[in-house]
Amino acid sequence: MHIVVCVKQVPDTKIIKINPKTNTLDRRSAPAILNPYDAHAVQAAVKIREETGGMISVLSMGPPQAVAIIKKSIEIGADRGYLISDRAFAGADTLATSYALSKALQKIANEEPIDLVICGKHAIDGDTGQVGPGIARRLDIPPITNVIEVSEVNKAEKTVLIKRKQISGYELIQTQLPCLLTVEKEINSILYSPLPNMLRAARYEPVIWAVSDLGEVDKTQLGLKGSPTIVGKMFTPPKLEGGKKLEGSSDEQVSQLMDILMERKDLLKLKETSTAN
Amino acid sequence: MPEKFDVIVVGAGPAGTSCAYTCAKSGLNVLLIERGEYPGSKNVMGGVLYRKQMEEIIPEFWKEAPLERPVIEQRFWMMDKESVVSFGYKGLEWGMEPYNNFTVLRAHFDQWFARKAVEAGALLINETVVLECLVENGKVIGVRTDRPDGDILADVVVLADGVNSLLSKQLGFHKEFRPDEVALTVMEVVNLPKDKINDRFNLEENQGCTIEIFGDSTKGNLGTAFLYTNKESLNIGVGTTLSSMIKAKLKPYDLLDYLKTHPMIKPYLEGGESAEYLAHLIPEGGYRSVPRVAGNGVLVVGDAAQLVNAIHREGSNMAMSSGKMAAEAVIEAKQANDFSESSLNRYKDALYGSFIMKDLEKYKDAAHVFEKYPQYLRDYVPMMNRAASKFFTVDGTPKRDKQKEIMRNMTSERGKFGMLQDIYRAWKAVK
Amino acid sequence: MMEEYRGVWVFIEENDGAIEGVSLELLGAGRKLAEKLEVPLSGILLGHEVTKLAKEVISYGADKVYVIDNPVLKDYRTESYMKGVIKLAETYKPEIFLYGATPNGKDLASAVATDLSTGLTADTTMLDVDIDKRLLEASRPAFGGNIMATILCKKHRPQMATVRPKVMKALEPDSNRQGSIIEETLNLKEEDMRTKVLKIVKELTKKTNLAEAHVIVCGGKGLGDIHGFQLIHEFADTIGASVGGTRDVVEAGWLPHEFQVGQTGETVTPKIYFAIGISGAIQHVVGMKNSELIIAINKDPGAPIFEVATYGIVGDALEILPKLIQQFKEMKTEKGGEISYA
Ligand SMILES: Cc1cc2nc3c(=O)[nH]c(=O)nc-3n(C[C@H](O)[C@H](O)[C@H](O)COP(=O)(O)OP(=O)(O)OC[C@H]3O[C@@H](n4cnc5c(N)ncnc54)[C@H](O)[C@@H]3O)c2cc1C
Ligand SMILES: Cc1cc2nc3c(=O)[nH]c(=O)nc-3n(C[C@H](O)[C@H](O)[C@H](O)COP(=O)(O)OP(=O)(O)OC[C@H]3O[C@@H](n4cnc5c(N)ncnc54)[C@H](O)[C@@H]3O)c2cc1C
Ligand SMILES: Nc1ncnc2c1ncn2[C@@H]1O[C@H](COP(=O)(O)O)[C@@H](O)[C@H]1O
């Protein structure tokens, strides 16, 4: 089994700050991390490898600093890492991203055929979840999104059994290898990496490719040029007006509120189940 | 079979990183283990980095290290409730090479420094806690981390795990602190636009100022407060020994709040946005509290060895120098292939022969004196403020009469003999 | 070229013979766009034995419904649905194409956008259109919701977007509305499918309860600790409401994740929403601001939650809640009544 996991470096939105004057991201405030969903994707690959054997590669498109998240993936248990990094990739939307990643995947597949691609459900910066299915279309393999469990991988039959999250509940899906999965956080919890992985990661140096390393590439489909969507404007969400403040002591406030609620017969009724007899 | 290194350094603070850097530079196989998310992520320091000792490790570091501002002015404040007596020194030569010292934010500085160690060849792993030293036949042979398959071996383990140093306590080098041996310090990083900082502190681009504040900053208890300028933020903090905190029933957070709203300080912080809040211990025991620093296969450096000069707030420089000295001892031990205590005692000798132990010895009674005789901060600071107020208030009284009155007031408050005694005691402690 | 593309489309998601709420909401939103652009609004309905739903699609605002009814389309699968949708889009060329941001809607839209080589905006919460340029302005929260970004797709058609459930409003259905139903076929065989849906398991978790609750009592960090938070449970019990919490509350372990309201939790639209001890961070507010009546209790008069609240009480929740609970309890015993919600 050769599993490739696509991993993205993202700013930690938990600590992110927006400059209120310019409406731009205050980069200083946001350390770059491995997209949390992608960490789960790598962990899912590790679990599959435990059962089927084989190898896990991770692939990222990003600036040279993204080496850090490839190392992080090695900590979790990946065997190899590839970073595609080039000015020509900059400014890519999901369409251009899936194009570039699919080109890199083809190159990786030439070295070692790929049986399974795993992505995160979405990246917490863009929040789109569109890159995974996009890659699958370009490679013409089935995409299965919102995966919460990989129940069975049958190497011989080249099939997988998957639980996919639905609006309410889940569905059990069987599909063929190779395919592409995008995983939810529920699929696993990230294990505490063993020390030997840490040492391996600290020493590891990923393969870095520029556009010119990817073979035949249509440059008009890359980066800003290859992106049909653009950000028109950024704005802080419109402030709402706010309603009435109830004044007075807490007793007065409570009784005013009770009056208001009792008034709203359209929302709330008091069923007069008579207890008198 | 666990992997084996020449040296394992525990803790990527200034002490550990200096040691790892120096060892790696000379070609040793070094593993640096840090428990934080990255070096400096949780590290706390008022923020003055001394040029001299850092330069001995990385020459001309100021050309690339993430420093905040070179310090060109140092002020000392004797602060009362509504007044302050201040003195200090400002010199433009401190703003030029080779500089005197700098303000830094540890989260940035430690990361950069650790990267230098990695570039020199050290292996760094983060988010890994060393639980204990592995000991075999009385010799430390490695460490056990909190990770699965977490044992790892080395000829020498260097403990640079900071003030609490659980690891040297486990080895019996250390005992638990007495409350008068450590200070609890809390500090905040307050974001403020550059222009505001420059205006308020009377600075220009790339000039920094430090203010050490005594007296009412700790409500008269043994300790100090500080206010330092970074590029676009201020570091404000206050600490007192644990013992005074207990005695005076102080809560560190309350003390910091008190300081931030003090009328002498508030105007500096006005409009700032609190960015980070940190609390940390500082070893203040000085000379008498320095533990055993070398054993079979093990060395102790930096705060873990309690190497802090509390009076001058020097710690990071001692940490770095001790780390470097430990590295040099390890390098020699490696050449001799002898990692016994007697071989590693080279480090102890170097340490005791250096400025570190000499300085610590010089001040060995200071904290003790100030702790025992609280009048220094509690009584004399207000007294000085009253005296200064009297002296500088223009009310038609001849200056000679004023001086007389000031002396009269002072001696009546503390008694002539008591005051002389105090002055002598203080002089002896820091002489 | 781009002029060939006309009309606004909405993908109609069907589950178990019923149309998903978000599709109806999108018909409402799509109607407005279509009227501004003076073009018809169409629903795109795929599935097996779904033609009967076409009338309902029209009653919610569509002028046309394109239907592909095929046994292979019984359960949603990317490969089959994608083929159908792409065929329709290539034949009839819409300028705007909206999907619900549900698991299936997002999956389908992503695949379709790749094959049509067009732009797709994810998780939109505001839709508008520049009439002169016939440009869809799809706005969505970015960077963790602190800010909104308007995404445009200037040179490619159709302009596609997925839209979050419960942020748009469906129209009142009108069974007298007229519209046309266009049936198309798709040459698909089950044998050609690489993917099989073996089983669909419905799990009605508490989560779905929250999304459908009529009254929610939601508590924040302002309750102080897990004991203080008991008052939220008690109040909710007293008035028969569901309990919710902010992310900070969930992270503190006072409530399991499925009770979280907000951007990374549930979007809720109850009749009455109590926000108690909640600051009103944007990520929380996006998940509850469409509630009908919002009552906020917060100590801090400057808390942003008051900007969305219909009624605000500035005060200590720990003091006010027990009184409120008392009042309701008294009312129940006095009147012997039970509270019910319309
Ligand atoms: C508020 C405050 C203000 C100060 N101001 C100044 C000043 O202005 N100038 C100055 O020179 N000094 C100052 N000091 C002192 C200075 O910060 C210390 O002396 C210096 O940081 C000591 O360096 P160190 O490397 O020994 O320890 P530390 O910097 O504490 O580093 C120890 C490292 O070890 C790691 N660690 C600990 N245990 C483990 C473990 N078991 N496993 C793995 N990793 C571990 C920690 O995460 C940490 O990174 C100040 C201290 C404080 C608290
Ligand atoms: C990417 C991202 C996604 C997020 N997703 C979500 C999400 O889905 N849902 C969510 O809720 N949050 C989310 N958040 C977190 C959100 O930004 C806020 O941090 C969170 O909502 C705050 O929770 P809180 O209001 O309970 O706590 P706080 O912000 O701490 O507010 C507590 C409030 O209680 C008031 N108070 C204190 N004591 C009392 C008292 N005795 N009586 C009355 N009032 C009192 C205080 O004045 C204060 O306003 C997200 C953040 C990010 C960055
Ligand atoms: N630049 C990238 N490099 C590698 N993988 C990516 C990149 N962008 C997106 N992905 C993958 O696609 C998933 C969904 O991302 P998104 O569509 O941006 O939300 C992520 O979880 C990653 O697995």
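Residues satisfying the criterion are present in the stretch B:396-418 (criterion: surrounded by 15 or more Cβ atoms within 10 Å (Cβ to Cβ) and of a type in the set (Asp, Glu)). Residue under question is A:Leu101, and the condition is that it be over 30 Å from C:Ile19 (Cβ atoms) and either more than 16 Å from ligand 2 (Cβ to nearest atom) or in a loop (DSSP other than H, G, I, E, B) (or both); does it hold? So A:Leu101 fits the description; yes.
Among the residues of the stretch C:306-331, which ones are facing chain A (nearest Cβ under 9 Å), within 20 Å of C:Phe229 (Cβ to Cβ) and part of a helix (DSSP H, G or I)? Answer for the stretch C:306-331, where residues must be facing chain A (nearest Cβ under 9 Å), within 20 Å of C:Phe229 (Cβ to Cβ) and part of a helix (DSSP H, G or I): C:Glu319, C:Ile320, C:Lys323, C:Leu324, C:Gln326, C:Phe328. Out of all the residues in the stretch C:272-283, is one or more part of a helix (DSSP H, G or I) and open to solvent by 10 Å² or more (accessible area, probe 1.4 Å)? Yes, that holds for at least one residue. For the stretch B:184-200: of the residues being closer than 22 Å to B:Lys90 by Cβ and in contact with a Gly (Cβ under 8 Å, 6 or more places away or on another chain), which is surrounded by the fewest Cβ atoms within 10 Å (Cβ to Cβ)? Residue satisfying both the conditions and the ranking: B:Lys196. Residue-level check: of (1) within 10 Å of ligand 2 (Cβ to nearest atom); (2) at pLDDT 95 or above; (3) out of contact with any Cys (no Cβ under 8 Å at 6 or more places or on another chain), C:Val217 misses just (1). Considered as a group, the residues in the stretch A:140-168 that are of a type in the set (A, V, I, L, M) and either touching a residue at least 24 places away in the same chain (Cβ under 8 Å) or within 19 Å of C:Leu120 (Cα to Cα) (or both) include one that is farthest from ligand 2 (Cβ to nearest atom), and that residue is A:Val153. Does C:Lys289 satisfy the criteria of being in contact with a helix residue (DSSP H, G or I) (Cβ under 8 Å, 6 or more places away or on another chain), modelled with pLDDT of 95 or more and open to solvent by 40 Å² or more (accessible area, probe 1.4 Å)? Against the criterion (in contact with a helix residue (DSSP H, G or I) (Cβ under 8 Å, 6 or more places away or on another chain), modelled with pLDDT of 95 or more and open to solvent by 40 Å² or more (accessible area, probe 1.4 Å)), C:Lys289 does not qualify. I want to confirm something. Restricting to the stretch C:137-153 and keeping residues that are on the phi > 0 side of the Ramachandran plot and open to solvent by 10 Å² or more (accessible area, probe 1.4 Å), which single residue is nearest to the other protein chains (Cβ to nearest Cβ)? Taking the candidates together, the pick is C:Gly144.
Tell me, which residue of the stretch C:256-268 that is crowded, with 19+ Cβ neighbours inside 10 Å and in a loop (DSSP other than H, G, I, E, B) is farthest from ligand 3 (Cβ to nearest atom)?
Once the filter is applied, the top-ranked residue is C:Val268.
Whenever a residue of the stretch C:100-117 is open to solvent by less than 10 Å² (accessible area, probe 1.4 Å) and among the charged types (D, E, K, R), its partners that are modelled with pLDDT of 95 or more and not in a helix (DSSP H, G or I), lying with C-beta atoms within less than 6 angstrom and at least six residues away or across chains, give the pairs C:Asp107/A:Thr145.
Kindly indicate the residue of the stretch A:115-139 that is more than 10 Å from chain C (Cβ to nearest Cβ) and part of a loop (DSSP other than H, G, I, E, B) and also nearest to ligand 2 (Cβ to nearest atom) among those meeting that condition.
For the stretch A:115-139, the residue satisfying everything is A:Ala123.
Going by what's in this entry, would C:Gly253 be described as open to solvent by less than 20 Å² (accessible area, probe 1.4 Å) and more than 10 Å from chain A (Cβ to nearest Cβ)? Criteria not met by C:Gly253.
Being buried (at least 18 other Cβ atoms within 10 Å of the Cβ) and not assigned by TED's automatic domain parsing to the domain that holds B:Asn206: is that true of B:Leu171 here? Against the criterion (buried (at least 18 other Cβ atoms within 10 Å of the Cβ) and not assigned by TED's automatic domain parsing to the domain that holds B:Asn206), B:Leu171 qualifies.
With A:Leu267, A:Leu199 as the choices, which residue is modelled with pLDDT of 95 or more and at the interface with another protein chain (Cβ under 9 Å from one of its Cβ atoms)?
Within the list A:Leu267, A:Leu199, the selection yields A:Leu199.
The condition (being under 30 Å from B:Met264 (Cβ atoms) and either of a type in the set (A, V, I, L, M, F, W, C) or part of a strand (DSSP E or B) (or both)) is satisfied by just one residue among B:Ile72, B:Ile8: B:Ile72. Annotation note: of B:Glu132, B:Glu136, B:Glu176, the sole residue that is surrounded by fewer than 21 Cβ atoms within 10 Å (Cβ to Cβ), out of contact with any strand residue (DSSP E or B) (no Cβ under 8 Å at 6 or more places or on another chain) and modelled with pLDDT of 90 or more is B:Glu136. A:Ile167 satisfies every condition listed in (1) in contact with a helix residue (DSSP H, G or I) (Cβ under 6 Å, 6 or more places away or on another chain); (2) surrounded by fewer than 22 Cβ atoms within 10 Å (Cβ to Cβ); (3) farther than 28 Å from B:Glu37 by Cβ except (1).
Checking each residue in the stretch A:72-104 for being among the charged types (D, E, K, R) and under 18 Å from A:Lys47 (Cα atoms) picks out A:Lys72, A:Glu75, A:Asp79, A:Arg80. Would you mind stating whether A:Ile162 is assigned to a strand (DSSP E or B) and either closer than 16 Å to A:His40 by Cα or away from chain C (no Cβ under 12 Å) (or both)? So A:Ile162 passes the test. Within 28 Å of C:Asn209 (Cα to Cα), of a type outside the set (Asp, Glu) and more than 10 Å from every other protein chain (Cβ to nearest Cβ): is that true of A:Val153 in this structure? Here the answer is no, as A:Val153 does not meet what is asked.
Name the single residue that is nearest to the chain's Cα centre (by Cα) among those in the stretch A:71-95 being within 14 Å of chain C (Cβ to nearest Cβ) and more than 10 Å from ligand 3 (Cβ to nearest atom). Before you say what the answer is, go through the steps one by one.
Just the residues of the stretch A:71-95 that are within 14 Å of chain C (Cβ to nearest Cβ), to begin with: A:91-95.
Filter again for more than 10 Å from ligand 3 (Cβ to nearest atom), leaving A:91, A:95.
Working: A:Gly91: 18, A:Leu95: 15 Å.
Applying the filter and picking the extreme gives A:Leu95.
If I go through the stretch A:216-260 residue by residue, how many of them are at pLDDT 85 or above and more than 8 Å from every other protein chain (Cβ to nearest Cβ)? Of the residues in the stretch A:216-260, 17 are at pLDDT 85 or above and more than 8 Å from every other protein chain (Cβ to nearest Cβ).
In the stretch A:177-263, counting only strands (runs of 3 or more DSSP E) that sit wholly within it, the ones holding 1 or more residues that are touching a helix residue (DSSP H, G or I) at 6+ places or on another chain (Cβ under 7 Å) span A:179-183, A:207-209, A:244-246.
Residues in the stretch C:154-174 that are without any contact (Cβ under 8 Å) to a residue 60 or more places away in the chain and more than 9 Å from chain A (Cβ to nearest Cβ): C:Glu172 alone. For B:Tyr21, state whether it is modelled with pLDDT under 95 and open to solvent by 10 Å² or more (accessible area, probe 1.4 Å). No: the conditions fail for B:Tyr21.
Can you give me the ranges of the strands (runs of 3 or more DSSP E) entirely in the stretch C:25-136 with at least 3 residues that are within 14 Å of chain A (Cβ to nearest Cβ)?
Passing ranges, in order: C:96-100, C:120-124, C:126-130.
Scanning the stretch A:90-120 for residues that are under 26 Å from A:Gly232 (Cβ atoms) and buried (at least 23 other Cβ atoms within 10 Å of the Cβ) yields A:Asp93, A:Thr94, A:Leu95, A:Ala96, A:Thr97, A:Ser98, A:Tyr99, A:Ala100, A:Leu101.
The values are calculated or read from the model by the stated rules, or taken from the named source; none is laboratory data. Model, not experiment: these values are computed from the prediction. Cβ coordinates were reconstructed from backbone atoms using ideal geometry, including for glycine residues, and neighbour counts include every protein chain displayed. Surface areas here come from the heavy atoms of the whole protein model, side chains and all, with no ligands, DNA or RNA. Shrake-Rupley method; radii C 1.70, N 1.55, O 1.52, S 1.80 Å.
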